[in-house]
Amino acid sequence: MTGRRLTSLLAYVTATAAGASLLTGCGVIPGTSGGSREPVTVMTWAPDGTRATNQPGMPAMAQAFARWVNASGGIDGHELRILTCNEQNTSAGAAACARRAVSEKVVAVVGSYSQNGRAFMAPLEAAEIPYIGGYGVSEDEFTSPLSYPVNGGLASLMAGHGMQLAESCRKVSLVRPDTLAGDKLPDLLNSGLRKSSHDGATDIPAVEDAAEYTAQAKRARSKAGTEDGCVAAVLGERTQTFFDSFRRLPEQEDENGRGDDEGQDDKGAESVRISSVLGSVSQPVVDRTGGAHSPFEGAYVTGWYPEANDERWAPMRKVIKEHAFVDNRVDPTDAGVQTTWIAYTVLKKVIESLDTDSVSAAAVAHALDRGVQIDTGGLTPTLRWRYEDMLGAPRFPRIVNHEVTFQVVRKGQLVAQKPGFVDVGDTVLSAP
């Protein structure tokens, strides 16, 4: 057992003993059976108002979840208090949020988004604060012993996307961020393509926050070709900007960039199938860009969860309707909102499993390490984070949920391309 885990265990035993010795008193939360239980404070962070990807719905969903559980007596008698923080899509912003979480003595950071794993994980690890259900864009979320991911992150999405495209695409171009995280995406996509003996994709790095992508769009279309070619773009919020540039391309060009004057304007971008992964393309993006007339009509999309209109999302939709009905940041079709709902479902069940008057970060981490099982109502497989539950992929050892869904945009709606989940664990393991 490591020093960190031994320290966590001792802290957990101490906290449990202290909680058991508390006397019954005033301050009982309505709906509980009696004694005074301490509030539980957690934090949710996400970027908002930045030039790159923003996820304001994640903190807003956290606040709606707290209003819901507190209205019926809290979680096992504990009032749930939510702190939010704007991560700003910067290392400094992520580190500042993490330091605030430490200073506020939160018991967990839950349902959050950040690409800056190295900046936020170190402060959390030093304070032994668990990170539950991050969005899955940072590699540190799948390596830190205090991270408990609820999905397979971009690794599973990209590996699965390669498998999805291999069924229909002869050639594939991948447009992705020219960042450290983006550098990992081609290998993952290719692992899925090659599972079906498919050639690897053409890798096209792009600036993550560009105002237009005409040059990259031309190259992507040219390399994909017009015979069952596919262009995949994974640029977060800028994916919409890329495909706007893509659909405006004037005519088909060959691989050397020479235009064809023989009347190919109508073929252009429309002759190439487009695709992406959930988070870069979502139902709100499709709605914003024209619904059934959106440039995303017909696009292939790989996701983590069932399609947004699946009945398994009904409990979340009910909470949003009753506790966030005037907050337009909380869109039930958004993958960030969905991830936050699942992450808080984990937190709720962990706290209920503890059944103590005082909840500490060490107690939460200990319960997760011991193998508490989380049923998410079919939105994911049963989640558990014991060593033997983890995939053990070299760069993503802490993946416990390596299932994805294949979706497609039809009549302006993201719907299932094929029913059920697809296990991509072996594909992620085979990535270089």
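The orientation-averaged projection of the convex hull spanning the C-alpha atoms of segment 70-120 amounts to 4.0 square nanometres. Other residues whose C-beta falls under 10 angstrom from the C-beta of G378 contribute a net charge of -2, scoring Lys and Arg +1 and Asp and Glu -1. To put it simply, the accessible area of segment 128-173 at a 1.4 Å probe is 47 percent carbon and sulfur. Across the cross-link table entries K105/K321; K321/K349; K318/K349; K184/K348, which are compared at the Cα atoms, the separations over 29 Å belong to K105/K321; K184/K348. Looking at segment 347-428, the trypsin sites (Lys or Arg not before Pro) that sit in a DSSP loop and have at most 12 other Cβ atoms within 10 Å of their own Cβ are K411.
Positive contributions from Lys and Arg (+1) and negative ones from Asp and Glu (-1), summed over other residues with Cβ under 15 Å from the Cβ of K418, come out at -4. Magnitude of the charge dipole for segment 64-155, about its Cα centre and with charges confined to Cβ atoms of Lys, Arg (+1) and Asp, Glu (-1), is about 260 debye.
At 20 °C and 1.002 mPa s, what whole-number value in µm²/s does Stokes-Einstein give for the translational diffusion of the chain, with Rh from the Kirkwood sum over Cα pairs? Here the translational diffusion coefficient equals 96 µm²/s. Charged neighbours of V337, selected by a Cβ distance under 11 Å, balance to -1 (K, R count +1; D, E count -1).
By how many nm would the segment from R67 to S36 lengthen if fully extended, with 0.36 nm per residue of separation less the alpha-carbon distance?
9.2 nm
Sorted into 10 angstrom bins from 0, the C-alpha pair distances of segment 271-394 split as 11, 32, 31, 18, 7, 1, 0 percent. Calculation over all alpha carbon pairs of segment 192-251 in 5 angstrom steps from 0 returns a P(r) of 4, 17, 28, 24, 14, 9, 4, 0 percent.
A full extension of the chain between A181 and D228 corresponds to an added length of 14.1 nm, given 0.36 nm per residue minus the alpha carbon distance.
Would you mind getting the accessible area per residue of the chain, heavy atoms of the protein chains only, 1.4 Å probe, in Å²?
Values: 17550 Å² over 432 residues.
About 41 Å² of surface per residue is accessible.
Remark: spin-label model distance E212-H293 equals 2.3 nm, labels positioned 7 Å along the Cα→Cβ axis. Geometric descriptor of segment 377-432, per residue, is 105 Å³ (volume of the convex hull of the Cα atoms). Dividing the mean sequence gap of close Cα pairs (under 8 Å, 6+ apart) by how many residues segment 67-199 holds gives a relative contact order of 16 percent. Report summary: the helix-based calculation at 222 nm, which adds -39500 (n - 2.57) for every DSSP H run with n ≥ 4 and divides by the residues of the chain, gives -11000 deg cm²/dmol.
Scaled to the globular estimate 2.2 N^0.38 Å, the Cα spread of segment 104-156, given as radius of gyration, is 1.01.
The values are calculated or read from the model by the stated rules, or taken from the named source; none is laboratory data. As the structure is a computational prediction, the values presented were derived from the model and not from experiment. Because the Cβ atoms are built from the backbone with ideal geometry, glycine has one as well, and the counts that use them run over all protein chains shown. SASA here: full protein model, heavy atoms, side chains in, ligands and nucleic acids out. Shrake-Rupley method; radii C 1.70, N 1.55, O 1.52, S 1.80 Å.
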